[in-house]
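Notes follow the structure.
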Amino acid sequence: MPVEVPRPRLYLASRSPRRRELLAQIGVAFDTLVLRSPPRDVCELDESPLAAEDPIEYVQRIARRKAEHGWSIVEWRKLPPQAVLAADTTLVLAGELIGKPRDADDAGTILRRLSGKGHRVLSAVAVAHSGRIETVLSVSEVRFRVLEEEEIARYVASGEPMDKAGAYGIQGRAGMFVEHLAGSYSGVMGLPLCETAQLLKCFSFRL
């Protein structure tokens, strides 16, 4: 009778329900790691871009920093030494980084800017373990159809845009806004599964 070998687990350094769903989709066992700093570490994870920072360098830097910070928490709490996976997703429109909306008015402003135009979605994934860290990057091209003011207002009122880069979730109601997608659907959601799976194989995960 074959012996079932336990699958390795990892820590997901993210509270995103979308990333949890996507990891579960490909059969990855994980524990959620809350990125709280040690008591003496008063520096929070600052996601502000550096001056003249390239968007690709930015999203990779933030993903790496989250993974490194997650690993420091594993060591500080003396948790089982599992790999830490972190990710960051941002939009680029006409060379400008577009993050999460500050409020409902900002969400409406972002959606008006995306209306009828193409933008890039950058998703970086980083895995850290015992001093080793590796990253991968997914770049997708998305184009919105022209949006009516009324449907923008309804979408903002739904609350869906508020915790999402670019003020929309392609897996939700905003799927009806997307006229064209070239790249990774899961990457636009926040965790590119193809790239993530290949990265995890580098850390001996069998998927």
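Here, each number is a calculation from the coordinates, and none is a lab measurement. What you see is a predicted model, and the numbers here were worked out from it, not measured in a lab. Virtual Cβ from ideal backbone geometry, glycine too; neighbours counted across all protein chains shown.
Numbers below:
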| quantity | calculated |
| --- | --- |
| DSSP beta bridges in the chain [antiparallel fraction, %, rounded to 5] | 80 |
| Exposure proxy order (Cβ contacts within 10 Å, fewest to most) of 48, 184 | 48, 184 |
| Helix-only mean residue ellipticity at 222 nm for the chain, each DSSP H run of n ≥ 4 adding -39500 (n - 2.57), per residue, nearest 500 | -9500 deg cm²/dmol |
| Taking 105, 88 and counting other C-beta atoms within 10 Å, the order from fewest to most | 105, 88 |
| Distant-in-sequence amide H partners of residue 100 (H built 1.01 Å from N, under 5 Å) | 166 |
| Where labels lie 7 Å past Cα in the beta-carbon direction, separation of residue 112 and residue 148 in nm | 1.8 |
| J(HN,Hα) series, segment 91-105, from Karplus relation 6.51 cos²θ - 1.76 cosθ + 1.60, nearest Hz, glycine and proline x | 10, 10, 10, 6, x, 9, 6, 10, x, 7, x, 6, 7, 5, 4 |
| Residue-by-residue Karplus 3J(HN,Hα) for segment 181-189, coefficients 6.51, -1.76, 1.60, Hz, glycine and proline x | 9, 10, x, 9, 4, 5, x, 5, 5 |
| Integer Hz, Karplus 6.51/-1.76/1.60 couplings in order for segment 134-143, x for Gly and Pro | 10, 10, 9, 9, 10, 10, 10, 10, 10, 10 |
| Residues 89, 32, sorted so that the one with the fewest Cβ neighbours within 10 Å comes first | 32, 89 |
| Among 175, 118, 187, residue whose mean-square fluctuation peaks in a GNM of the chain (springs only between Cα atoms under 10 Å) | 175 |
| Full-stretch length increase - residue 197, residue 54 - with 0.36 nm per residue and alpha-carbon distance subtracted | 48.9 nm |
| Rel. contact order, % - alpha carbon contacts under 8 angstrom, at least six apart, the chain | 21 |
| Pairs of lysine residues in the chain - Cα separation under 23 Å, sequence separation of 8 or more or cross-chain | 7 |
